[in-house]
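The values are calculated or read from the model by the stated rules, or taken from the named source; none is laboratory data. As the structure is a prediction and not an experimental result, all values here were calculated from the model. Here the Cβ positions follow ideal geometry from the backbone for every residue, glycine too, while neighbour counts run over all protein chains shown.
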Amino acid sequence: MGRGDDRLLISPAVTSFPEPAPPAAGQPSPAPARLARWRALPRARWRALPEEGRGVFLVVSFASLVFLPWLGTVGFWDPWEPHYAEVARQMLVRGDYVHPYWESAYFFSKPVLLMWMTAVAMLLVGVHDHALPAGSFPGTPTPSGVSVYAEWALRLPIALLAIVACALVFVAVKRLVSRRAGYVAAAALATMPFYFLMARQAITDMPFVALMTSGAMCFAIALWDERAHRSAWAYAGYAFLAFATLAKGLLGFGLAGAAFLSWFLITGEWRLLGRLRFVERVRGLPVPAGPALFLAIAAPWYLVMSLFRGVDDESKTFAYRFFVHDHAKRLAEGVHTTTPGGTFDYFIRELGFGLFPWVAALPGALGELARVRLRDRTRRDDVVLFAGLWAVITYVLMSTSATKFHHYIFPAVPALAVLCAAFVDRLLEEGLEAHVGALLLGLAAYVAVAHSLWLTPKALPDLYVYNYARPYPEKDLAELHPGHRLGPFRLSLGTRPVFSMLFACGGVAMVAAWLWRARRAMVAALLGAATAFALYVSWVHWRELAPHWSQRDLFSTYLSERGSADEPIVAYYMNWRGETFYSRNLVRQVQDTGRMKEVAERPGRKWVIVERTRYEALRQAVGPGAKLRIADRSTNKFFLVALEGRGSPSVPP
């Protein structure tokens with residue numbers, strides 16, 4: 001087809017093609033030519049899209065491929081996902097969207113954005129209703145339970161925010177470094193375990209990091225892209241950071257703000273501050289337009305809550321609980337953590353696992369900082385310097401915090417992805433021989449982290465769970481509990497063999513490319529290893545592990561086997577949050593041996609969720625006259641137990 005035909009195909013004024021004249025006798029039919037023209041139409045329209053638009057589409061498609069499949073096929077992971085989900089559900093039940101509520105008291109530990117998003121999602125799928133249609137829960141014969149769409153609905157907004165951040169990372173790095181670097185930055189971010197695993201968790205961390213990253217990228221474009229519509233990008237940056245503040249607190253604007261402030265201090269380019277619309281002139285008067293937009297979005301809820309006189313379950317007001325206890329004391333004293341203290345190298349191990357296999361590019365990425373020229377800076381230098389400051393400030397702040405969780409270093413991950421992309425772009429430009437030292441260090445890091453992950457695959461869920469002592473289903477459950485009938489689940493179906501294959505293939509491919517001096521093949525091997533690893537972990541391994549951190553299947557069994565809604569369910573000496581959400585806040589918490597005995601002696605059948613390690617204590621607490629049957633043992637953490645009191649009919653074996 002000629003060039004004129006291409007223009008004809010993509011012209012908005014052309015809505016149909018003229019039918020060719022019938023062929024003369026003995027001439028071939030024009031059908032093949034017409035078919036070829038219609039086949040060329042999508043390709044022509046694709047070429048007609050702006051280059052950046054095509055790139056965003058490809059990045060969004062790739063990130064969606066990693067984050068979205070099977071997103072809601074497993075239950076919420078204890079304790080954070082069901083905890084926040086129940087707070088959101090209570091908003092709908094109570095009709096109060098301002099003051100978060102948990103069980104029987106107000107909840108002040110986290111800001112409100114996640115709960116707002118998930119409350120809207122719950123409203124759409126009917127999770128908050130107290131009487132759902134029969135069959136709404138798998139195998140449920142009674143009108144009770146939680147919608148089968150709950151996990152899909154609550155996790156989808158989180159994944160979408162993660163995708164938006166990947167797209168904006170692509171746009172910013174493409175404009176300021178190169179198109180190639182933009183694609184690598186987005187792909188690296190989407191395939192880093194810290195990022196793609198957090199994208200599947202309905203907790204506050206991904207909304208915070210994704211929105212903060214989006215705001216930082218908008219500010220970077222407003223500052224350093226000479227062709228950009230600066231006002232629009234700057235105001236978008238303020239809006240993103242405001243929502244990030246509603247997602248996690250002061251860090252929502254604090255980390256990115258500290259990185260930009262440090263950049264201005266180092267470079268002395270204060271004249272560029274006007275590009276961020278920090279102060280606008282309206283009719284000749286200076287107006288802080290950008291900060292005003294930020295405060296208009298972020299401040300009202302915090303102001304209302306700070307004036308609120310209600311208290312939480314520890315009799316603390318919002319102002320004390322949120323700003324003093326959960327900000328100042330977490331930083332200075334160490335509160336509510338399973339890993340108090342920790343030295344400055346605490347997060348090095350977690351970054352190794354959370355960035356794998358991009359640790360192979362990390363030495364070169366850090367070396368990019370040494371190449372920055374402060375006097376004759378390019379836009380590339382500005383981006384690298386800013387990303388380096390972002391990563392360093394985050395690492396220093398989190399390392400000095402007295403409270404530490406593995407995921408606290410997560411906000412540094414997008415900055416490190418940008419640095420990795422800058423190094424890979426330089427590697428492709430200058431060749432392998434110019435970066436032998438960085439490549440040797442990267443290969444050593446790859447081997448070391450791969451070996452550690454093969455030995456301890458538990459490091460992956462530990463990137464986003466709460467209690468690191470919770471058992472990992474490494475061994476066959478029959479070995480852990482001999483004589484018990486196994487449930488339908490059985491892990492160890494090939495995690496280490498799959499890891500061995502992925503790690504070995506990726507490493508061998510990179511070494512082979514190096515030996516053949518094929519720089520593109522080396523980058524392709526790294527990207528291929530990262531993609532294969534991300535797809536396996538997020539599509540397969542995450543789904544295999546989830547039942548052992550979730551109580552959804554236990555409640556499915558309870559709802560399908562109970563005879564009526566009058567059969568209560570008890571949580572014995574546990575507070576993992578999942579029992580509250582999946583029972584719709586109807587579970588009875590019992591943390592007293594005498595009280596458990598009283599419950600057991602009541603007539604009729606009761607149900608108990610108990611940790612496996614406390615099952616014998618439960619048996620002793622209910623006494624010899626009670627009859628117990630383990631109805632569900634499909635997780636390695638809990639038992640669902642059917643309990644009959646004295647004088648009740650026998651429980652089937």
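Which condition from (1) in a loop (DSSP other than H, G, I, E, B); (2) within 27 Å of residue 188 (Cβ to Cβ); (3) at pLDDT below 90 is the one that residue 465 breaks?
Answer for residue 465: the failing condition is (3).
Is it the case, given these coordinates, that residue 383 is in contact (Cβ under 8 Å) with a residue 60 or more places away in the chain, buried (at least 17 other Cβ atoms within 10 Å of the Cβ) and over 24 Å from the mean Cα position of the chain (by Cα)? Don't jump to the end; show me each part of the working.
Details: in contact (Cβ under 8 Å) with a residue 60 or more places away in the chain: yes; buried (at least 17 other Cβ atoms within 10 Å of the Cβ): yes; over 24 Å from the mean Cα position of the chain (by Cα): yes.
So residue 383 passes the test.
Go over the candidates 250, 211, 255, 265 one by one and state the one that is within 29 Å of the chain's Cα centre (by Cα), surrounded by fewer than 16 Cβ atoms within 10 Å (Cβ to Cβ), assigned by TED's automatic domain parsing to the domain that holds residue 372 and within 17 Å of residue 390 (Cβ to Cβ). Walk me through it before giving the result.
Numbers: 211 fails: surrounded by fewer than 16 Cβ atoms within 10 Å (Cβ to Cβ); 255 fails: surrounded by fewer than 16 Cβ atoms within 10 Å (Cβ to Cβ); 265 fails: within 29 Å of the chain's Cα centre (by Cα).
Only one candidate qualifies: 250.
Quick one: which residue in 202, 236 is within 28 Å of residue 64 (Cα to Cα), of a type in the set (A, V, I, L, M, F, W, C) and touching a Leu at 6+ places or on another chain (Cβ under 7 Å)?
202 is the lone residue from the list that is within 28 Å of residue 64 (Cα to Cα), of a type in the set (A, V, I, L, M, F, W, C) and touching a Leu at 6+ places or on another chain (Cβ under 7 Å).
Just checking, does segment 402-421 include any residue being farther than 24 Å from residue 505 by Cβ, charged (D, E, K, R) and at pLDDT 95 or above?
no
For segment 352-369, state whether one or more residues are modelled with pLDDT of 95 or more and assigned to a loop (DSSP other than H, G, I, E, B).
yes
I'm trying to understand the selection: among the residues of segment 166-189, which are of a type outside the set (Ser, Thr, Tyr) and either closer than 21 Å to residue 457 by Cβ or not in a helix (DSSP H, G or I) (or both)?
Applying the first criterion (of a type outside the set (Ser, Thr, Tyr)) to segment 166-189 yields 166-177, 179-182, 184-189.
Hit for segment 166-189 is 177, nothing else.
For every residue, the table says whether it meets (1) of a type in the set (Gly, Ala, Ser); (2) surrounded by 14 or more Cβ atoms within 10 Å (Cβ to Cβ); (3) part of a helix (DSSP H, G or I).
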{"residue": "234", "(1), (2), (3)": "yes, yes, yes"}
{"residue": "242", "(1), (2), (3)": "yes, yes, yes"}
{"residue": "298", "(1), (2), (3)": "yes, yes, yes"}
{"residue": "310", "(1), (2), (3)": "yes, no, no"}
{"residue": "323", "(1), (2), (3)": "no, yes, yes"}
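When the residues of segment 272-289 are narrowed to those that are assigned to a loop (DSSP other than H, G, I, E, B) and modelled with pLDDT under 85, which ends up nearest to residue 261 (Cα to Cα)? Break it down stepwise before answering.
As a first pass, look at segment 272-289 and keep what is assigned to a loop (DSSP other than H, G, I, E, B): 277-279, 283-284, 288.
Subsequent filtering for residues that are modelled with pLDDT under 85 retains 278-279, 283-284.
Details: 278: 13, 279: 16, 283: 28, 284: 27 Å.
Filtering first and then ranking leaves 278.
Residue 493: modelled with pLDDT under 85 and either small (Gly, Ala, Ser) or more than 18 Å from residue 633 (Cα to Cα) (or both), yes or no? Before you say what the answer is, go through the steps one by one.
Numbers: modelled with pLDDT under 85: yes; either small (Gly, Ala, Ser) or more than 18 Å from residue 633 (Cα to Cα) (or both): yes.
Considered against the rule, which asks whether it is modelled with pLDDT under 85 and either small (Gly, Ala, Ser) or more than 18 Å from residue 633 (Cα to Cα) (or both), residue 493 comes out as yes.
Under the condition of being part of a helix (DSSP H, G or I) and in contact (Cβ under 8 Å) with a residue 40 or more places away in the chain, which residue from segment 600-620 is nearest to residue 586 (Cα to Cα)? Show your work before the answer.
From segment 600-620, those part of a helix (DSSP H, G or I) are 600-601, 612-620; that's our starting set.
Then drop every residue that is not in contact (Cβ under 8 Å) with a residue 40 or more places away in the chain, which leaves 600-601, 612, 614, 617-618.
On the way: 600: 18, 601: 20, 612: 22, 614: 22, 617: 23, 618: 20 Å.
Filtering segment 600-620 for residues that are part of a helix (DSSP H, G or I) and in contact (Cβ under 8 Å) with a residue 40 or more places away in the chain, the one nearest to residue 586 (Cα to Cα) comes out as 600.
Of (1) touching a residue at least 24 places away in the same chain (Cβ under 8 Å); (2) farther than 25 Å from residue 470 by Cα; (3) part of a loop (DSSP other than H, G, I, E, B), residue 72 satisfies all except one. Which?
Of everything listed in (1) touching a residue at least 24 places away in the same chain (Cβ under 8 Å); (2) farther than 25 Å from residue 470 by Cα; (3) part of a loop (DSSP other than H, G, I, E, B), residue 72 misses just condition (2).
Quick check on my filter: what residues within segment 373-392 are within 20 Å of residue 171 (Cα to Cα) and not in a helix (DSSP H, G or I)?
378
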